[in-house]
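Chemist: Below is one structure. I have some questions about it.
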């Protein structure tokens, strides 16, 4: 990716918890209601969008998160290595969805920051600042939730046992990261 | 503080939601034909009762969808939750 300015440069490590930003990663928000929209996305990306609430689906290259009944986030599993800001996935979706008026595709690569958290104290950290009940979420790999941590809107994705992806708006990311570091140091 | 069962996401804490006022207020079909008093009645006047009230809520920090709930304002007990466009399940 070209000219990506990483907002969170440090990798932080505590007992039972590591936090760092993963970048650059492609992130798209897609919206649509029609049945044709779902099948067009499925054919374009070779993956099924999750229609069940608070779940996700994964292919070799992409992960799709359920955000609301007509909204999904798609992000690349791997870090982008090509020196370009044009993504084949976005071009393909624009062609098969936007051009046919089936839905909307928005590039949010620079809007959201992906933080990865690893360790067995992730949920202890979340509990210090979130009203969400993580009891079911932590046992179900692939779960997704949108909630608030320290009054900041976040999207949380249960990637695997003791590994979580957290998406936060870029302008809030430095504050949230410093808040999480402060909180993690007291666990 | 209380829990709201979002019809899309499931049970969440109230702080994730924003209240949107009284539900089922119909917009007049011909606003231009109303007097100022009638227009003010539609625009500003709400029942705001102590007891069972029909309300609109928005899951602002979650799925961002609007829905209706039936809430007893005296004790915050939620009697029913239903989607926009649906008829209230309780009277």
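Chemist: Quick one: which residue in A:65, A:80, A:125 is part of a loop (DSSP other than H, G, I, E, B), within 19 Å of the chain's Cα centre (by Cα) and buried (at least 16 other Cβ atoms within 10 Å of the Cβ)?
Modeler: Just a single option satisfies the conditions, and that option is A:80.
Chemist: Okay, next question. Looking at residue A:111 and the list (1) within 14 Å of chain B (Cβ to nearest Cβ); (2) surrounded by fewer than 17 Cβ atoms within 10 Å (Cβ to Cβ); (3) under 27 Å from residue A:93 (Cα atoms), which single condition is not satisfied?
Modeler: Residue A:111 satisfies all of (1) within 14 Å of chain B (Cβ to nearest Cβ); (2) surrounded by fewer than 17 Cβ atoms within 10 Å (Cβ to Cβ); (3) under 27 Å from residue A:93 (Cα atoms) except (1).
Chemist: On the basis of being in contact with a helix residue (DSSP H, G or I) (Cβ under 7 Å, 6 or more places away or on another chain) and within 14 Å of chain B (Cβ to nearest Cβ), does residue A:131 make the cut?
Modeler: For residue A:131, the condition - in contact with a helix residue (DSSP H, G or I) (Cβ under 7 Å, 6 or more places away or on another chain) and within 14 Å of chain B (Cβ to nearest Cβ) - is met.
Chemist: Residue under question is residue A:167, and the condition is that it be modelled with pLDDT of 95 or more and either assigned to a helix (DSSP H, G or I) or surrounded by fewer than 16 Cβ atoms within 10 Å (Cβ to Cβ) (or both); does it hold?
Modeler: No: the conditions fail for residue A:167.
Chemist: Another question about this same structure. Out of A:115, A:156, A:148, A:91, I need the residue that is assigned to a helix (DSSP H, G or I), under 27 Å from residue A:4 (Cα atoms) and either modelled with pLDDT under 95 or not assigned by TED's automatic domain parsing to the domain that holds residue A:56 (or both). Which one?
Modeler: Result of the check over A:115, A:156, A:148, A:91: A:91.
Chemist: I need the full set of residues from the range B:1-27 which are in contact with a helix residue (DSSP H, G or I) (Cβ under 6 Å, 6 or more places away or on another chain) and either away from every other protein chain (no Cβ under 14 Å) or free of Cβ contacts under 8 Å to residues at least 40 places away in the same chain (or both), in order please.
Modeler: Scanning the range B:1-27 gives a single hit, B:1.
Chemist: Is it fair to say residue A:148 is surrounded by 23 or more Cβ atoms within 10 Å (Cβ to Cβ), within 19 Å of residue A:73 (Cβ to Cβ) and within 14 Å of another protein chain (Cβ to nearest Cβ)?
Modeler: No; evaluated as a whole, the condition is false for this residue.
The values are calculated or read from the model by the stated rules, or taken from the named source; none is laboratory data. Treat the numbers as computed from the prediction; the structure is a model and nothing was measured. Note that we place each Cβ from the backbone using ideal geometry, even for glycine, and neighbour counts take in every protein chain shown.
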